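Remarks on the structure that follows.
The values are calculated or read from the model by the stated rules, or taken from the named source; none is laboratory data. Predicted, not measured: the structure shown is a model, and the values here were computed from it. Quick reminder, even Gly has a Cβ in these numbers, built from the backbone with ideal geometry, and neighbours come from all protein chains shown.
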Amino acid sequence: MRTIIPSSLLRTALLADAAASGLVGLLQVIAAAWLSRLTNFPQGLVLATGLFLLAYAALLVFTARSATVAWALIATIIVGNLAWAVACMTLLAIDALTPTGVGVLFIMLQVVTVFSFAGLEVAGLRASRDAVVDDGRVVRA
């Protein structure tokens, strides 16, 4: 398994992604009913995605603070961000929801934000160095 030492850009991108995801997730969990009325999204969807975002934020913080990280984990985070953005756009395109104007804005802000984080994480991954790990400790970077 390929292991990297995350660059400072990658760590910063992961922490910024964690902060944004955590704040939005917390808002969605605490104010699910209010957001549901404001956006016209099903309350269960608001709550479930909020809980997911909180768990995702925790994963990002843990990953950003790790000395070494599996390359595949970072690639999965990047692909996950892209998939989240595509899923958001798809929800609007297929008329699965009938969001208010605020709901459309909420989704589009997520699309722009996660595409941006994916781009920063790609750049940070490229700036990271491979690590050689022996028995769980870095022996050469």
Among the candidates LEU14, LEU82, LEU26, LEU53, residue that is among the aliphatic types (A, V, I, L, M), at pLDDT 95 or above, under 23 Å from ALA131 (Cβ atoms) and in contact with a helix residue (DSSP H, G or I) (Cβ under 7 Å, 6 or more places away or on another chain): LEU14
Residues of segment 24-49 classified as touching a residue at least 24 places away in the same chain (Cβ under 8 Å) and either over 17 Å from LEU105 (Cα atoms) or touching a Lys or Arg at 6+ places or on another chain (Cβ under 6 Å) (or both), total: 2
- request: Can you give me the number of residues within segment 1-27 that are under 10 Å from GLY124 (Cβ atoms) and under 12 Å from the mean Cα position of the chain (by Cα)?
  value: 2
task: Please work out if GLY119 is touching a residue at least 60 places away in the same chain (Cβ under 8 Å) and either surrounded by 14 or more Cβ atoms within 10 Å (Cβ to Cβ) or hydroxyl-bearing (Ser, Thr, Tyr) (or both).
output: no
